[in-house]
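The values are calculated or read from the model by the stated rules, or taken from the named source; none is laboratory data. All values reported here derive from a predicted model rather than from experimental measurement. Counting neighbours? That spans all protein chains shown, and the Cβs are built from the backbone with ideal geometry, glycine included.
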Amino acid sequence: MAQEAKRIASIASSEKLRKIRSKLESQKLIFKIPRGKPRKICSVALDTSFTDPPLELTGGKLITVIRSHIFYGCKPRKTPRADSKGFLRFVQEFEDLAKVYSKIIERKFVVELLEDVKKGREQLDLVMIDGEIFPRIPPALRFRRHGLMSKLYLKYLDLTEKMLELADETDVAIAGIVKRAYGLDIPIIANIPGLNINDKALATYILNPGEWIDLKSYSEIACRIEEFIREHENELPKSTLRRLRERDRWIVGVLEYVDRAPDVELAVYKSSTPTFFMLATKVELFISQRLLKGDIVSYLSSITGINGVPHPIDLVDSMCRITPDLLQIFQQQLYKELMVRLKDRKLAMSLAGLINPEKMYRIGFKG
């Protein structure tokens, strides 16, 4: 423990870290968040959660996804103000598909909502997603077009393109709240090699309450990474080079597939609201004509709660938690459906039973 603390302290006390703010200020990338009464904005917050790992039943693996949303600052015309829905998928393998499956469910909801806005059935200014806008895909996906996982990722990309296209047509902005920001975009933008500290930690140190950093767009980040590698290749550790090249391949892959992906921008802000540890918040933004980058950051900052994320994101996060009781309900529903379709109670119970009996405490079973 003491050795690891010493290593972290040596990084945190480096001269490079102390110089990074002046580097960003010289590029005019640090801004004050305007104070005052926030704009009245009609927004919706959205989150999904999934079982990881999935439940292992004797008949296969049961993936459970919960999708929740809540409108904030307005009353919707057609869509329920707040709602949660469950989705089940029974698979024989590919248990890693739960995450991408949940993102497909998320994007489908946003696409349907924006189609309602386009048809005049809903009114909306901003969509807030718990997570990213810019799809996280394997860097080598563009070279593999076959197989279930590839098809699901391509579906995720297609839905992202449709979502951004409709957002552009309806003039609705989108904000992705990135809670776990492990990227190293700030050192890249500031052109400081050897500073292996993630953006959330760096911004928390650099920013004063009520400030934000403009990290430009993903297309510019890709260009900066390539320039950074060319300039500092000989002084960077192999592990850092590999990480940067993988990030560049991932960004370029998405930019090539999703036409409007170059318009997805990044920012990090620290709210004026007192929060636990005064953490900075990294966001991905797809701006509209009504809500520009600074407008969205100002709004998000004004509704950020003590946990360091916008309050509606906290609400939907609590709405879509998968509890043992909920898993038990899903398992029982599967069992009942199988019993009706198979007309064999014993076979249905065999298929819907847990493969590891010692895990029965996790959800229980009622025959």
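Data overview
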item	result
K108 touching a residue at least 24 places away in the same chain (Cβ under 8 Å), out of contact with any strand residue (DSSP E or B) (no Cβ under 6 Å at 6 or more places or on another chain), outside any strand (DSSP E or B) and of a type outside the set (D, E)	yes
Yes/no for S288 being assigned to a loop (DSSP other than H, G, I, E, B), in the same structural domain as L24 (by TED's automatic domain parsing) and at pLDDT below 95	no
Wholly enclosed strands (runs of 3 or more DSSP E) of region 1-90 bearing at least 2 residues at pLDDT 95 or above and in contact with a Ser or Thr (Cβ under 9 Å, 6 or more places away or on another chain)	43-50, 60-72
The one condition in (1) in a helix (DSSP H, G or I); (2) touching a helix residue (DSSP H, G or I) at 6+ places or on another chain (Cβ under 9 Å); (3) polar (S, T, N, Q) that S239 fails to fulfil	(2)
Selection from region 35-71 of residues that are of a type in the set (F, W, Y) and in contact with a His (Cβ under 8 Å, 6 or more places away or on another chain)	none
Selection status of I313, closer than 18 Å to I189 by Cβ and assigned to a helix (DSSP H, G or I)	no
Of all residues in region 101-115 being out of contact with any Ser or Thr (no Cβ under 7 Å at 6 or more places or on another chain) and modelled with pLDDT of 95 or more, the one that is nearest to D83 (Cα to Cα)	F109
Test: residue in region 219-239 that is in contact with a strand residue (DSSP E or B) (Cβ under 9 Å, 6 or more places away or on another chain) and farther than 23 Å from T160 by Cα	yes
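Let's see how each residue does on (1) of a type outside the set (F, W, Y); (2) touching a helix residue (DSSP H, G or I) at 6+ places or on another chain (Cβ under 8 Å):
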{"residue": "P187", "(1), (2)": "yes, yes"}
{"residue": "G194", "(1), (2)": "yes, yes"}
{"residue": "N208", "(1), (2)": "yes, no"}
{"residue": "W212", "(1), (2)": "no, yes"}
{"residue": "K216", "(1), (2)": "yes, yes"}
{"residue": "C223", "(1), (2)": "yes, no"}
